Amino acid sequence: MRVPLLDIKLQYQSLKKELDEAVIKVAESQHFILGPEVSTMEKEFCNYLGCKHALGVSSGTDALLLALMAIDIKPGDEVILPTYSFFATAGVVSRLFATPVFAENDPVTFNIDPKDFERKITAKTKAVIPVHLYGQSAEMDEIIKIAKAHNLIVIEDAAQAIGTQYKDGRYAGTIGDIGCFSFFPSKNLGCYGDGGLVTTNNDELAKVLTIKRVHGGEPKYYHKVIGGNFRLDALQAAVLKVKLPHLDKWSEKRRQNANRYTQLFKDAGLAEGTGKTTFDSKNKVLLPEAIFQSSKVKNYHIYNQYIVRVENRDALREFLTKNEIGTEIYYPVPFHLQECFNDLGYKKGNFPISEFAADKSLALPIFPELEDDQLVYVVDTFKKFFNQ
Ligand SMILES: *Cc1c(COP(=O)(O)O)cnc(C)c1O
């Protein structure tokens, strides 16, 4: 049986007619950049997320870069972020000649450890970027409390977290000062190319974001500040408008798949449950924490990824590949061990939890259209590997 890591053609098939019509409508309008498609899309995202302002931008990376430019991050400034995330989270800080300062992640949620964030604060710190990694919200109450006490701005990297809710039900990306989303095609809500969104509840920040999205001219061609070309295409907005009403249904399917994996791994005797952090005879596969199973907590994990940690990962991955199961390693190298950050002076051993995650993590197929026999086959193949 073939189980790809992701198959976005299945989603396209299910909405083909509406999507094709939306694309043709843009072609007929010949209005390609920003304009009415983008502004109606922005309103729909404000409604969905429950935030005051949403701006379509050119990618998730540009959303982060624009957010940092909007708060005037300058050379010499420090921005704290988790060492274990997608490269963009750190790259944008360096692109403004500011210094990314790395913090350790929590071993269960894979999100930034608020205590380590606090330890890393200096007189030069201007902002923190919590990442809602794999689709589960970071511990925002603690992060915001610490940030407020030190006058820091909170920029949420919600690129993997469209539809994620924090434990109190608020949407990821609407809790800090600015939220940044990505619509890269493989994200939970993907467009037809690159696309992203910045959100804020702050009117002043919204004004600056709007001006800096288009080179910083206000009025046009008169520049008090420098921005960039961070505009979103009408085509992407039209596609996103078709897809957004289906997002919750897709998230639910991902959560069901995650629950099913967890049950199957338990039944197979490979894992006792979620949240374990050490391997032993009963825990050959460490499962992601599924906090949503508690009825009192609203923490809504949207499973952009379902990540297990396993010993002998590379051998297991090869075995899965041979059996036609797609997997990926998100991410093999934490920032503090990336060559481009050598001059920041970190070394191996600085962040043991993130290094463990980088060595042991494996992403399994979790997309909404998976069939039950495919999930069963994945876990059966794990069983074969561990019992051979
Ligand atoms: C995907 C992603 C980004 C970047 O988004 P793009 O749209 O690909 O530029 C940033 N941060 C995280 C955590 C991501 O997963």
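The values are calculated or read from the model by the stated rules, or taken from the named source; none is laboratory data. As the structure is a prediction and not an experimental result, all values here were calculated from the model. In this analysis, Cβ positions are derived from the backbone assuming ideal geometry, glycine residues included, and neighbour counts consider all displayed protein chains.
Details
- Per this entry, ILE307 is counted among residues that are in contact with a strand residue (DSSP E or B) (Cβ under 9 Å, 6 or more places away or on another chain) and modelled with pLDDT of 95 or more.
- Checked against (1) more than 12 Å from the ligand (Cβ to nearest atom); (2) modelled with pLDDT of 95 or more; (3) surrounded by fewer than 24 Cβ atoms within 10 Å (Cβ to Cβ), GLY176 meets all criteria but (3).
- All of (1) within 15 Å of the ligand (Cβ to nearest atom); (2) free of Cβ contacts under 8 Å to residues at least 60 places away in the same chain hold for ALA159 with one exception: (2).
- Residue among LEU235, LEU247, LEU270 that alone is in contact (Cβ under 8 Å) with a residue 40 or more places away in the chain and assigned to a loop (DSSP other than H, G, I, E, B): LEU270
- Only a single item in (1) under 17 Å from the mean Cα position of the chain (by Cα); (2) under 22 Å from LYS249 (Cα atoms) is not met by ASP7, and it is number (1).
- Filter result for the condition that a residue is modelled with pLDDT under 95, more than 28 Å from ASP141 (Cα to Cα) and not small (Gly, Ala, Ser), over LYS298, LYS243, LYS282: LYS282
- Among the conditions (1) out of contact with any strand residue (DSSP E or B) (no Cβ under 9 Å at 6 or more places or on another chain); (2) surrounded by 15 or more Cβ atoms within 10 Å (Cβ to Cβ); (3) not assigned by TED's automatic domain parsing to the domain that holds THR61, GLU218 misses just one, which is (3).
- In the range 68-88, residue surrounded by the most Cβ atoms within 10 Å (Cβ to Cβ) [restricted to those that are of a type in the set (A, V, I, L, M, F, W, C) and within 16 Å of the chain's Cα centre (by Cα)]: LEU81
- Qualifying residue in the range 219-230 (condition: touching a helix residue (DSSP H, G or I) at 6+ places or on another chain (Cβ under 6 Å) and over 30 Å from LYS383 (Cβ atoms)): yes
- Just one of the listed residues (GLY227, GLY196) is touching a strand residue (DSSP E or B) at 6+ places or on another chain (Cβ under 6 Å) and either crowded, with 16+ Cβ neighbours inside 10 Å or of a type outside the set (Phe, Trp, Tyr) (or both), and it is GLY196.
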